[in-house]
Amino acid sequence: MRSHTAEPSPPQPGTASEPSPDPAGFGRVRPSTAAVRTLRRLADHVNTRALVLLRVTVGIVFLGFGVLKLFPSASPAEQLAVDAAVKMTLGLVPETGLLLSLAALETAIGIGLITGLLLRPTLIAFFLHMGGVFSTLFLLPDAMWQPHSPAPTMEGQYVVKNVTLVAVCLVVAADEWGRGSRSRRPDGTDRDRTTAG
C-alpha cells in the first residue's frame, strides 16, 4: 500500500495569502489611519495657503531688516548697503539720507508683502531693490569676492542668498499678475477665461 503526502496547492486568485515580510520596512510601525488623515489635512491646509505663507515670510524678513537700518550700527549689512548706494548715486546723496531711504524702502516692502495691500507696486519695488542689492557684486568686488578666487566672501554670501527671496517673489508675482486671466470653477480650481465657455 502506497502512502502519499498532500502537496500544498498554490493560492487561488482572490484568496488571502500570508503577508510577505517587507525587506525595506524592517518591521517599521506604519502610521495609524488617524495620523495619516491629520497629515493630509495639514498638507492640504498648507497647500491652499502656500502663496500667503511665502509672501508673509519674505515680508517679515524685509520688515525686520528695514527696521534694523533705522538704528545706527544695528544692521550687519548697513555699511555694505551704504557703500553700494553711494557708488550708485555717485556720492551726490549723504550717507545718512541713503540709509534712511533704504530703511524706509525695505520697511514699506515688508509691510506690503505682509498685508498684501498694494501688492503689485510692492513687488515692483522689491524687484528694483533686488537689482540694487545684486549690483553690489559688481560695484564692490573687493568686498564681495575672495582674492584670486571665485568664492564669495561672507558679505558676498549675504547677497547671493537673496536668490531665494527673488524666487519666492517670482512665484507670488506670477500668481498676482495671473489672476486677471483666470476665473474660478465651481470646484474652486482656476480656469483660463479665454477658454471658459
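Can you tell me which residue among Leu102, Leu117, Leu165 is of a type outside the set (Asp, Glu) and outside any helix (DSSP H, G or I)?
Leu117
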Scope the range 63-80; condition on the phi < 0 side of the Ramachandran plot and of a type in the set (S, T, N, Q); matching residues: Ser75, Gln79
Ser75 is checked against (1) modelled with pLDDT of 80 or more; (2) touching a helix residue (DSSP H, G or I) at 6+ places or on another chain (Cβ under 8 Å) and fails just one. What number does that condition carry? (1)
Assess whether Leu80 counts as being at pLDDT below 90 and touching an Asp or Glu at 6+ places or on another chain (Cβ under 8 Å). yes
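Hey, among the residues in the range 60-80 that are open to solvent by less than 40 Å² (accessible area, probe 1.4 Å), in a helix (DSSP H, G or I) and out of contact with any Ser or Thr (no Cβ under 8 Å at 6 or more places or on another chain), which one's nearest to Asp142 (Cα to Cα)? Step through it out loud before you land on a result.
At the first step, the residues of the range 60-80 found to be open to solvent by less than 40 Å² (accessible area, probe 1.4 Å) are 62, 64, 66, 69, 75, 77-78, 80.
Adding the requirement that they be in a helix (DSSP H, G or I) leaves 62, 64, 66, 78, 80.
From the residues that got through so far, the ones that are out of contact with any Ser or Thr (no Cβ under 8 Å at 6 or more places or on another chain) too are 64, 78.
On the way: Gly64: 27, Glu78: 17 Å.
The extreme case among them is Glu78.
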If Lys87 passes every condition in (1) surrounded by fewer than 16 Cβ atoms within 10 Å (Cβ to Cβ); (2) in contact with a helix residue (DSSP H, G or I) (Cβ under 6 Å, 6 or more places away or on another chain); (3) in contact (Cβ under 8 Å) with a residue 60 or more places away in the chain; (4) not aromatic (Phe, Trp, Tyr) but one, which one does it miss? (3)
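Just to be sure before I move on: is Pro147 in a loop (DSSP other than H, G, I, E, B) and open to solvent by 60 Å² or more (accessible area, probe 1.4 Å) in the structure I sent? Can you show your working first?
Details: in a loop (DSSP other than H, G, I, E, B): yes; open to solvent by 60 Å² or more (accessible area, probe 1.4 Å): yes.
Answer is yes for this residue.
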Of the residues in the range 103-115, those that are within 14 Å of Val172 (Cα to Cα) and open to solvent by 30 Å² or more (accessible area, probe 1.4 Å) come to Ile114, Thr115
Those residues of the range 36-47 that are open to solvent by 100 Å² or more (accessible area, probe 1.4 Å) and within 17 Å of the chain's Cα centre (by Cα) come to a total of 1
Please pick out the residue among Gly132, Gly97, Gly91, Gly112 that is assigned to a helix (DSSP H, G or I) and farther than 27 Å from Val52 by Cβ. Gly97
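The rows are residues; the columns are (1) modelled with pLDDT of 90 or more; (2) farther than 30 Å from Asn162 by Cβ.
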| site | (1), (2) |
| --- | --- |
| Arg2 | no, yes |
| Ser9 | no, yes |
| Thr15 | no, yes |
| Pro21 | no, yes |
| Arg28 | no, yes |
| Pro31 | no, yes |
| Val36 | no, yes |
| Asn47 | no, no |
| Val61 | yes, no |
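The values are calculated or read from the model by the stated rules, or taken from the named source; none is laboratory data. Small disclaimer: the values here were computed from a predicted structure and weren't measured. As a convention, Cβ positions derive from the backbone with ideal geometry for all residues, glycine included, and neighbour counts pool all protein chains shown. Please note that ligands, DNA and RNA were not included when accessible areas were found on the heavy atoms of the full protein model with its side chains. Shrake-Rupley method; radii C 1.70, N 1.55, O 1.52, S 1.80 Å.
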